[in-house]
Amino acid sequence: MGDGRQYSNMVRRYRRWHELSQAELAEKVGVSRQTIANIERGNYSPSVHLALDICTTLNKTVEQVFGSEQENDQ
């Protein structure tokens with residue numbers, strides 16, 4: 001997955017695109033708002049299960065949300 005900061009902004013971008021607050025996304029995936037905030041800042045790497053839940057909620061693939069910047073540019 002690479003450096004957390006490479007994918008952190010993609011979580012924020014897709015969350016905002018879906019017009020979800022951090023609290024709303026957190027509730028949908030069963031974690032705290034602080035966990036989502038830390039993922040977005042690159043301070044926390046989610047488990048595979050949590051990453052899949054986030055991607056499903058955002059209707060994106062794991063590669064789109066958590067891939068490297070090079071993968072996201074393609």
**Complete:** Residues in the range 39-59 that are of a type outside the set (A, V, I, L, M) and either surrounded by 18 or more Cβ atoms within 10 Å (Cβ to Cβ) or part of a helix (DSSP H, G or I) (or both) total 8
**Asked** Does Tyr7 count as at pLDDT 95 or above and buried (at least 18 other Cβ atoms within 10 Å of the Cβ)?
**Response** no
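The values are calculated or read from the model by the stated rules, or taken from the named source; none is laboratory data. No experiment lies behind these values; they were computed from the predicted model shown. We place every Cβ from the backbone using ideal geometry, glycine too, and count neighbours over all the protein chains shown.
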